[in-house]
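K.L.:
Handing you this structure, nothing more for now.
Only the coordinates and a few stated rules stand behind these numbers; no lab work does. Keep in mind that what you see is a predicted model, and the values were worked out from it rather than measured. Please note: Cβ atoms are built from the backbone with ideal geometry, for glycine as well, and neighbour counts cover all protein chains shown.
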Amino acid sequence: MSRTEQFIHEVDRWSARNYGPLPVVLERGEGVWVWDVEGRRYLDMLAAYSAVNQGHRHPRILAALEEQAGRLTLTSRAFHNDRMGPFLHELCEAAGFDRALPMNTGAEAVETAIKAARKWGYEVKGVPADRAEILVCENNFHGRTTTIVGFSSEAQYRAGFGPFAPGFRLIPYGDAAALERAITPDTVGFLVEPIQGEGGIVVPPEGYLGCVHEMCREHGVLVLNDEIQTGLGRTGKLFCGDWDGTRGDIMIVGKALGGGVFPVSAILANDEVMDVFRPGDHGSTFGGNPLGAAVGQAALRVILEERLPERSNELGTWFQDRLREIESPHVEAIRGRGLMIGIVIREESGPARPFCEALMRRGILCNDTHHQVIRIAPPLVVTREVLDDALATISEVVTAGSPAALA
């Protein structure tokens with residue numbers, strides 16, 4: 001039995017089987033590269049679902065982690081620490097909001113945004129008690145808590161986990177007219193992804209976010225902009241909403257905010273929303289911890305000072321154009337923004353998973369999402385030369401008679 005097989009066997013024996021990962025066991029990473037336990041090198045074209053925008057083990061982020069770990073790692077919010085304030089100051093200034101509320105994971109931040117919107121609805125908008133409604137989009141993915149999966153349109157995400165929390169209603173994604181028809185006096189928020197990532201890299205019509213933000217403002221509805229996967233440079237702007245000139249009323253961030261080394265998330269909003277929270281309303285033992293704050297501050301500085309959004313825009317535009325030049329019987333479309341790219345596989349060619357397996361055997365790691373889409377999202381520090389080499393491999397895989405022929 002190989003080392004890879006040994007590790008996979010151990011995971012299969014002792015772990016809940018809630019994932020079906022590709023059969024590769026990674027042990028170290030550097031920049032855009034990762035190595036498995038057999039010593040093989042791979043190009044990481046997933047970046048931990050965009051949590052590693054800065055590349056694996058970025059030296060500035062590791063230095064911040066190590067320095068802070070030698071001083072103080074956790075206090076809880078029962079006491080102040082000297083790292084949270086400076087971190088949130090820089091985050092708010094970069095994002096253009098008055099205040100931030102730090103959490104740990106993306107799902108926690110989404111739950112926090114939901115609580116903020118509901119409380120704002122009752123205290124500011126004047127919605128009657130327990131009648132606040134939040135509109136959400138079909139094909140959404142905002143996390144895995146029971147509240148969040150309760151408003152998913154994906155049957156598997158819901159099956160066996162009910163009963164679910166009320167107060168959410170599904171509408172079509174990318175359809176501003178459908179949103180306007182759905183708004184009622186009890187509507188307090190509209191929760192939306194600027195690009196649907198898990199849903200298959202689905203890009204809404206040009207100007208969609210700007211249009212719905214203006215519409216929601218007219219009706220007294222908050223836009224909850226989920227930038228967990230799309231934010232912090234991934235789509236070629238600091239935040240994906242910048243393409244349409246809006247960051248929403250509550251912006252949700254995570255993933256790359258932790259620099260690939262520590263879970264850090266937050267919601268950002270102006271005083272009118274944030275002032276609904278009072279001591280005891282909401283909290284987290286680890287949210288705003290000094291270790292996470294130090295890492296988040298360093299991670300944000302790397303994105304801004306190394307101009308990773310601009311890099312993503314330039315390389316992403318070039319890479320997508322090159323992908324579209326590939327003549328493949330299997331590829332239906334290339335879609336995305338910046339370095340958040342989906343290669344859509346035709347249904348008659350089968351699912352995307354075998355294509356990802358063929359790429360893995362050739363040294364490129366990506367994953368399939370929504371059955372038919374190969375998701376491409378390398379660390380934003382990737383170079384054009386590396387991407388150019390990857391293009392040849394991708395072309396070989398998607399132009400073959402079948403992925404099985406490439407085994």
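K.L.:
Give the lysines whose C-alpha is closer than 18 Å to that of Lys255, dropping any in the same chain fewer than 8 places away, or say none.
P.N.:
Lys237
K.L.:
Also: If contacts are Cα pairs under 8 angstrom and at least 6 residues apart, what is the relative contact order of the chain in percent? List each step's numbers first, then the result.
P.N.:
Working: 812 pairs, mean separation 90.9, N = 407.
Rounded, it is 22 percent for the chain.
K.L.:
Moving to a separate point now. Could you work out how far helix 3-14 tilts from the main Cα principal axis of the chain, as a 0 to 90 degree angle to the nearest 10?
P.N.:
The answer is roughly 40 degrees.
K.L.:
Going by average Cβ neighbours within 10 Å, how do the peptides 283-292, 243-252, 66-75 rank, with the highest at the top?
P.N.:
Details: 283-292: 20.9, 243-252: 23.0, 66-75: 13.3.
Put in order of decreasing packing, that is 243-252, 283-292, 66-75.
K.L.:
Something else now. Taking the dipole about the Cα centre of the chain, with the C-beta of Lys and Arg at +1 and of Asp and Glu at -1, give me whichever of Gln6, Tyr173, Gly210 is farthest to the positive side.
P.N.:
Positive-end residue among those listed: Gln6.
K.L.:
In Å and from the alpha-carbon atoms only, list the Rg and Dmax of the range 216-289.
P.N.:
13.8, 41
K.L.:
Could you check what % of the DSSP bridge pairs in the chain are antiparallel, to the nearest 5?
P.N.:
Details: 31 of 47 bridges.
Counting only bridges with both partners in the chain, antiparallel ones make up about 65 percent.
K.L.:
If you don't mind, there's one more thing I want to ask. Report the extension gain between Arg144 and Glu325 in nm, rounded to one decimal, defined as 0.36 nm multiplied by the number of residues separating them, less their alpha carbon distance.
P.N.:
Working: separation 181, 0.36 × 181 = 65.16 nm, distance 3.70 nm.
Roughly 61.5 nm would be gained on extension.
K.L.:
Under a Cβ-only charge scheme (Lys and Arg +1, Asp and Glu -1), can you give me the dipole magnitude of the chain about the Cα centre, in debye to the nearest 20? Could you put the intermediate results ahead of the total?
P.N.:
Details: 40 positive and 54 negative charges, 154 e Å.
Dipole of the chain, to the nearest 20 debye: 740 debye.
K.L.:
Take the alpha carbon atoms of the range 323-407, find their radius of gyration, then divide it by 2.2 N^0.38 Å using N residues; give the quotient.
P.N.:
Details: Rg = 11.8 Å, N = 85, 2.2 N^0.38 = 11.9 Å.
It is 1.00.
K.L.:
Still on this structure, please answer the following. Normalise the Cα radius of gyration of the chain by 2.2 N^0.38 Å (N = residues in it) and let me know the number.
P.N.:
Details: Rg = 21.3 Å, N = 407, 2.2 N^0.38 = 21.6 Å.
Dividing the Cα radius of gyration by 2.2 N^0.38 Å gives 0.99.
K.L.:
Would the range 159-280 count as rounded, prolate or oblate if I go by the C-alpha gyration tensor, calling it rounded below 1.5 in a/c and otherwise prolate when a/b exceeds b/c, oblate otherwise?
P.N.:
Numbers: a/c = 1.27, a/b = 1.13, b/c = 1.12.
Because its axes are fairly even, with a/c under 1.5, the range 159-280 counts as rounded.
K.L.:
Another question, then. If the convex hull of the alpha-carbon atoms of the range 261-407 is projected onto planes in all directions, what is the mean projected area in square nanometres? The partial results should precede the final answer.
P.N.:
Working: hull surface 48.0 nm².
Over all viewing directions, the range 261-407 projects a mean Cα-hull area of 12.0 nm².
K.L.:
Right, something else. Quick one: net charge around Leu387, please, counting Lys, Arg +1 and Asp, Glu -1 for every other residue with C-beta under 12 Å from its C-beta.
P.N.:
Working: positive: Arg311, Arg322, Arg384; negative: Glu314, Asp321, Glu385, Asp388, Asp389.
Summing Lys/Arg as +1 and Asp/Glu as -1 gives -2.
K.L.:
Can I ask one more? Please give the helix 84-95 orientation as an angle from the longest Cα principal axis of the chain, in degrees from 0 to 90, rounded to the nearest 10.
P.N.:
Rounded to the nearest ten degrees, it is 80.
K.L.:
Here is a further query. List the aspartates and glutamates whose Cα lies under 16 Å from the Cα of Lys115, skipping any in the same chain that are fewer than 8 positions away.
P.N.:
Reachable aspartates and glutamates: Glu123, Asp130, Glu133, Asp186, Asp226, Asp249, Asp271, Glu272, Asp275, Asp281.
K.L.:
Please get the size of the charge dipole for the range 118-197, origin at its Cα centre, with Cβ charges of +1 on Lys and Arg and -1 on Asp and Glu, quoted in debye to the nearest 20.
P.N.:
In total the dipole reaches around 200 debye.
K.L.:
Enter the angle in degrees (range 0 to 90, nearest 10) between the Cα long axis of helix 59-69 and the first principal axis of the Cα atoms of the chain, meaning the one along which they spread out most.
P.N.:
The helix 59-69 is inclined about 50 degrees to the chain.
K.L.:
Whole Å is fine, so just give me how far the alpha carbon centre of the range 225-254 lies from that of the range 1-52.
P.N.:
29
K.L.:
How long, wide and thick is the range 275-336, going by the Cα atoms along their three principal axes, in whole angstroms, largest first?
P.N.:
59, 27, 22
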